[in-house]
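This report concerns only the one structure given below.
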Amino acid sequence: MTINHYWIVDDDPIARVLIRKKMSNEGLCEKFSEFQNGQEALKALKEAEENDTPDLIFLDLNMPIMDGWEFLEEARHKLENVHARVAILTSSISPDDWDRSQNIPGVSCFLNKPLNTAELLNRIDSSSRPNSI
């Protein structure tokens with residue numbers, strides 16, 4: 001999978017910095033956008049030009065205003081044709097969260113923080129799930 005543009009949707013500024021550093025250090029992608037909650041990301045997705053949508057969205061589950069689950073529900077209806085993979089990147093260790101993520105189109109993987117880029121790429125490349133939200 002080629003990543004030309006990725007989004008980070010996470011309320012934790014330290015988590016956002018770590019993701020950016022790992023993606024940059026691995027030479028995976030330099031173009032990114034950041035959002036502090038699902039509502040900001042959803043607004044940006046609705047306003048984005050077709051050629052400026054992300055290839056990959058790092059999505060935290062637990063955020064104020066609009067959490068990751070709400071974002072996925074809202075984005076699914078609006079963005080059926082966007083070819084973005086969603087990587088849930090969370091501190092949640094709940095088996096219920098993992099189970100729930102498996103039934104959502106567009107979610108390519110469920111990863112625990114901190115980001116392990118090798119695991120991310122392995123899971124995304126081997127994912128046979130649909131490419132759209």
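Filtering segment 25-70 to residues that are touching a residue at least 24 places away in the same chain (Cβ under 8 Å), among the basic types (Lys, Arg) and farther than 26 Å from Asn116 by Cβ leaves only Lys46.
Selection of strands (runs of 3 or more DSSP E) fully inside segment 1-65 by the criterion of at least 3 residues being over 16 Å from Leu121 (Cβ atoms) returns 6-9, 32-35.
In summary, Ile65 fulfils each of the numbered conditions (1) surrounded by 14 or more Cβ atoms within 10 Å (Cβ to Cβ); (2) in contact with a Gly (Cβ under 8 Å, 6 or more places away or on another chain); (3) on the phi > 0 side of the Ramachandran plot with the single exception of condition (1). For segment 25-34, the condition of being surrounded by fewer than 16 Cβ atoms within 10 Å (Cβ to Cβ), in contact with a Ser or Thr (Cβ under 9 Å, 6 or more places away or on another chain) and under 15 Å from Leu111 (Cβ atoms) holds for at least one residue. The number of residues in segment 86-107 being surrounded by 14 or more Cβ atoms within 10 Å (Cβ to Cβ) and at pLDDT 85 or above comes to 12.
Within segment 90-106, identify whether any single residue is touching a residue at least 60 places away in the same chain (Cβ under 8 Å), within 23 Å of Leu121 (Cβ to Cβ) and either touching a helix residue (DSSP H, G or I) at 6+ places or on another chain (Cβ under 8 Å) or not basic (Lys, Arg) (or both), and answer yes or no. No, every residue in segment 90-106 fails to be touching a residue at least 60 places away in the same chain (Cβ under 8 Å), within 23 Å of Leu121 (Cβ to Cβ) and either touching a helix residue (DSSP H, G or I) at 6+ places or on another chain (Cβ under 8 Å) or not basic (Lys, Arg) (or both).
Can you report the number of residues in segment 11-24 which are farther than 16 Å from Thr117 by Cβ and either within 15 Å of the chain's Cα centre (by Cα) or among the hydroxyl-bearing types (Ser, Thr, Tyr) (or both)?
In the first step, residues of segment 11-24 are kept if they are farther than 16 Å from Thr117 by Cβ; the result is 11-14.
Cutting the leftovers down to either within 15 Å of the chain's Cα centre (by Cα) or among the hydroxyl-bearing types (Ser, Thr, Tyr) (or both) gives us 11-12.
Number satisfying all stated conditions: 2.
The values are calculated or read from the model by the stated rules, or taken from the named source; none is laboratory data. From a predicted model like this one, the values you see are computed outputs, not experimental measurements. Using ideal geometry, Cβ is built from the backbone for each residue, glycine included, and neighbour counts are taken over all protein chains shown.
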